[in-house]
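> Just dropping this structure here.
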Amino acid sequence: TPAAKATAVSFATIYQRHTLSPDPLTQTLQSETQNAHSTRPQSPLVQTAAPPATTNTRLTGVNNEWINPTFFVDTKGTPKAWVNVTSPLSTARLTAVLSALRLGGHRYPGGSIGNWWSWSTANFTAAAVDCNITTKCGYHAALEKWLHEFPPYSFGAAEFDAMAQSVGASATFTLDVSTAPADPAIPDRIITALGVERAGWWEIGNEVYDPRQGPPPTGFTTAQEYLETTSAVVTAIQKRGARAAVAISPCPFFYPANSSCWGGLDGRYHQWNKNVSLACHGGSCPFDAVVAHNYITDVSTFRPFASTDWLSVLLAIPEATAINAAVNAPLLYPGAAVWITEFNVMFAQVWGGAADATDPHIAAFLNATENSGAHAVHVAAHVLAYSVVGNGLVEWAHYHSLLETSTLSQPGFAVVAVNDTGAYISPVAQILGVIAGVFRRAAHATVSAVPLPATSPQLPFHLASAGLSPVAASRPLCIQAIEVGCTSAAPDGTVLAINRCNTTTDLSTAGLCNCKQGGGWSSVVAYPGSLNQVPRSAWVPADGGGPWEPLAPQRSGSGTGATIALRPHSLSVINC
């Protein structure tokens, strides 16, 4: 836009400014972050200046990998579409699973694969299979071959939304801005067909801050180029009453602003985020939200810590990254919401023994967490943090990913696993389903961080060692907890609490369950974050029924005592 052009600052100019003098924006962010941490007497997520957040089932969403048609086959290997199929690998069974889970959101057409997607044909673009343009041409060609076995438009946006609507979920749509200019006619047509209630959420490209995912061969030169070339489609979306979100880098968004992550303050990723912020004026931005993907948990995260603390570190990282995002977002992008349309552990770093030579013990640990209770509780830690941080700042959270087959080396990315014997529920699916159930039963109820006394037990390490806390002396608390308030539909309320320590920790009941006359709690169900992977043979068949309990939840009786003992490394669902 003209305003963006007038205020645009080239990378070279910013680099010179940073080299010659301290960056005032970085100084401001650093100061604000330090203040946010140094003055917290209770929970780091307690908010007092704004009204509390409300339950948001969109935080229990999944990234679909929707256009991988190899999942949709019958017992004879014949490809099928979503509807009218009854085989063990059928979409009818998968739809039954999703209907029972009631996850809140799905994403079309997916992540990086969406950069090569034609909305007009519901198939890949010509560039997707051109090996002169992309090194993924072979993979795309293999999927395209499967797509041709389906009826035309089987994987179209309308078909996708019909699936999402049938399982009680909302949807986000990700536009390709890499292989062709963003076409305002696409969202206009989809919104007209589906209505703004169903097609009201649009991502403008996937991870385009990464030069490998922008226009070939070198991506967008600057964030200004990205914003200028997509401004027309953003405007078109907003004119239809829908919301548009632009891509920002996870670094330093999920880190303190002064972090040296990903190339330092003068690097491309830091500058991308600051240049996006230059489009914002007068306390508002020309876009509705920013999109950031949270894969901060990786091999390097665990190097500074003792192996005996790794599981606690795994459970503490989600809240720390959410706190950093809540500090950075309003300063860089005032008035804009946050969409986290992908999050997970960066398991790809350890697949195929990739890290065995450099970090064999960490690699063994991360491999052990895949499809384990520990992985599931880690996912829960993300959802709990996003539910309350910034008082509703986060509008979407998609776990990556929905599907897995026995032929894919992505065990850590499974929610609903699809293998040779049918559809089964994984530990992550169970936990997401549990949280989604709590949110749905208390629709529109308030959600708030549980105030924890300053004397609450702390974890035995500082996340500053991993670059995730700006205050070296700040140690995370053992307990991360939220309370879902009372409504007529859920008059008793629910507390979701994670004990991140490796010992039993007491949660004070003072101030909890106040909505129930006389206070007190009726039951506690604990989902243990064990490192023991749940073997597929033990997963409960997901035939649309339930309950699914591969994690063997542990139940406690009712009580009105002063404390509730939270089991180590577990998610506890406390019913008031």
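The values are calculated or read from the model by the stated rules, or taken from the named source; none is laboratory data. Keep in mind that this is a model prediction, so the values were computed, not measured. Methodologically, a virtual Cβ is constructed for each residue, glycine included, from the backbone with ideal geometry; neighbour enumeration extends over all protein chains shown. Surface areas here come from the heavy atoms of the whole protein model, side chains and all, with no ligands, DNA or RNA. Shrake-Rupley method; radii C 1.70, N 1.55, O 1.52, S 1.80 Å.
> Inside the stretch 195-213, can you point out the residues that are open to solvent by 10 Å² or more (accessible area, probe 1.4 Å), of a type outside the set (Lys, Arg) and in a loop (DSSP other than H, G, I, E, B)? Don't jump to the end; show me each part of the working.
Here is the first cut: in the stretch 195-213, the ones open to solvent by 10 Å² or more (accessible area, probe 1.4 Å) are 195-198, 201, 207, 209-213.
Restricting the remaining residues to those that are of a type outside the set (Lys, Arg) gives 195-197, 201, 207, 209-211, 213.
Answer for the stretch 195-213, where residues must be open to solvent by 10 Å² or more (accessible area, probe 1.4 Å), of a type outside the set (Lys, Arg) and in a loop (DSSP other than H, G, I, E, B): GLY195, VAL196, GLU197, GLU207, TYR209, ASP210, PRO211, GLN213.
> Check whether at least one residue in the stretch 148-157 is touching a residue at least 24 places away in the same chain (Cβ under 8 Å), closer than 30 Å to THR55 by Cβ and in contact with a helix residue (DSSP H, G or I) (Cβ under 8 Å, 6 or more places away or on another chain), and report yes or no.
So far as the stretch 148-157 goes, yes, one or more of its residues are touching a residue at least 24 places away in the same chain (Cβ under 8 Å), closer than 30 Å to THR55 by Cβ and in contact with a helix residue (DSSP H, G or I) (Cβ under 8 Å, 6 or more places away or on another chain).
> On the basis of being modelled with pLDDT under 85 and hydrophobic (A, V, I, L, M, F, W, C), does LEU147 make the cut?
Details: modelled with pLDDT under 85: yes; hydrophobic (A, V, I, L, M, F, W, C): yes.
Yes: the conditions hold for LEU147.
> Mind listing whichever residues of the stretch 340-372 are of a type in the set (Gly, Ala, Ser) and either open to solvent by less than 10 Å² (accessible area, probe 1.4 Å) or under 25 Å from VAL394 (Cβ atoms) (or both)?
The initial filter retains those residues of the stretch 340-372 that are of a type in the set (Gly, Ala, Ser), namely 348, 352-355, 357, 363-364, 368, 372.
Within the stretch 340-372, ALA348, ALA355, ALA363, SER372 meet the criteria.
This table checks each residue for (1) closer than 30 Å to PRO568 by Cβ; (2) under 18 Å from the mean Cα position of the chain (by Cα); (3) open to solvent by 10 Å² or more (accessible area, probe 1.4 Å).
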{"position": "HIS281", "(1), (2), (3)": "no, no, yes"}
{"position": "PRO286", "(1), (2), (3)": "no, no, yes"}
{"position": "TYR295", "(1), (2), (3)": "yes, yes, yes"}
{"position": "ALA306", "(1), (2), (3)": "yes, no, yes"}
{"position": "ILE317", "(1), (2), (3)": "yes, yes, no"}
{"position": "ALA320", "(1), (2), (3)": "yes, yes, yes"}
{"position": "VAL338", "(1), (2), (3)": "no, yes, no"}
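> Among the residues of the stretch 484-499, is any modelled with pLDDT of 90 or more, within 23 Å of GLU370 (Cα to Cα) and surrounded by fewer than 23 Cβ atoms within 10 Å (Cβ to Cβ)? Steps first, please.
At the first step, the residues of the stretch 484-499 found to be modelled with pLDDT of 90 or more are 484, 494-499.
From what's left, within 23 Å of GLU370 (Cα to Cα): 496-499.
If we keep only those that are surrounded by fewer than 23 Cβ atoms within 10 Å (Cβ to Cβ) as well, we get none.
No, there is no match, as no residue in the stretch 484-499 is modelled with pLDDT of 90 or more, within 23 Å of GLU370 (Cα to Cα) and surrounded by fewer than 23 Cβ atoms within 10 Å (Cβ to Cβ).
> Restricting the stretch 432-472 to residues that are touching a helix residue (DSSP H, G or I) at 6+ places or on another chain (Cβ under 8 Å) and open to solvent by 60 Å² or more (accessible area, probe 1.4 Å), which is nearest to ASN575 (Cα to Cα)?
ARG440
> Looking at this structure, is THR503 open to solvent by 60 Å² or more (accessible area, probe 1.4 Å) and at pLDDT 70 or above?
Details: open to solvent by 60 Å² or more (accessible area, probe 1.4 Å): yes; at pLDDT 70 or above: yes.
Here the answer is yes, as THR503 does meet what is asked.
Matching residues to (1) among the charged types (D, E, K, R); (2) surrounded by fewer than 21 Cβ atoms within 10 Å (Cβ to Cβ); (3) modelled with pLDDT of 85 or more; (4) at positive phi:
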{"residue": "GLY519", "(1), (2), (3), (4)": "no, yes, no, yes"}
{"residue": "PRO535", "(1), (2), (3), (4)": "no, yes, no, no"}
{"residue": "ALA538", "(1), (2), (3), (4)": "no, yes, no, no"}
{"residue": "ALA542", "(1), (2), (3), (4)": "no, no, no, no"}
{"residue": "TRP548", "(1), (2), (3), (4)": "no, no, no, no"}
{"residue": "LEU566", "(1), (2), (3), (4)": "no, no, yes, no"}
{"residue": "SER572", "(1), (2), (3), (4)": "no, no, yes, no"}
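> Let me ask another. Can ALA92 be described as at pLDDT below 85 and surrounded by fewer than 20 Cβ atoms within 10 Å (Cβ to Cβ)?
Details: at pLDDT below 85: yes; surrounded by fewer than 20 Cβ atoms within 10 Å (Cβ to Cβ): yes.
Yes.
> So how many residues does the stretch 177-194 have that are open to solvent by 20 Å² or more (accessible area, probe 1.4 Å) and either out of contact with any Leu (no Cβ under 9 Å at 6 or more places or on another chain) or in a helix (DSSP H, G or I) (or both)?
Selection size over the stretch 177-194: 11.
> Still on this structure: Considering (1) in contact with a His (Cβ under 7 Å, 6 or more places away or on another chain); (2) outside any helix (DSSP H, G or I); (3) hydrophobic (A, V, I, L, M, F, W, C); (4) buried (at least 24 other Cβ atoms within 10 Å of the Cβ), say which one LEU265 fails and leave the rest.
Against the list (1) in contact with a His (Cβ under 7 Å, 6 or more places away or on another chain); (2) outside any helix (DSSP H, G or I); (3) hydrophobic (A, V, I, L, M, F, W, C); (4) buried (at least 24 other Cβ atoms within 10 Å of the Cβ), LEU265 comes up short only on (4).
> Name the residues in the stretch 122-174 that are touching a strand residue (DSSP E or B) at 6+ places or on another chain (Cβ under 6 Å), surrounded by fewer than 20 Cβ atoms within 10 Å (Cβ to Cβ) and part of a loop (DSSP other than H, G, I, E, B), would you?
Answer for the stretch 122-174, where residues must be touching a strand residue (DSSP E or B) at 6+ places or on another chain (Cβ under 6 Å), surrounded by fewer than 20 Cβ atoms within 10 Å (Cβ to Cβ) and part of a loop (DSSP other than H, G, I, E, B): GLU149, PHE150.
> Within the group ALA236, ALA223, ALA232, which residue is farther than 24 Å from PRO330 by Cβ, over 21 Å from the mean Cα position of the chain (by Cα), touching a residue at least 40 places away in the same chain (Cβ under 8 Å) and crowded, with 20+ Cβ neighbours inside 10 Å?
On the way: ALA223 fails: farther than 24 Å from PRO330 by Cβ; ALA232 fails: crowded, with 20+ Cβ neighbours inside 10 Å.
The match here is ALA236.
> Do you know which of the residues in the stretch 204-245 that are in contact with a Leu (Cβ under 7 Å, 6 or more places away or on another chain) and modelled with pLDDT of 95 or more is nearest to TRP272 (Cα to Cα)?
Of the residues in the stretch 204-245, the ones in contact with a Leu (Cβ under 7 Å, 6 or more places away or on another chain) are 204-205, 233.
Then drop every residue that is not modelled with pLDDT of 95 or more, which leaves 204, 233.
Numbers: ILE204: 15, VAL233: 20 Å.
Across the stretch 204-245, the extreme among qualifying residues is ILE204.
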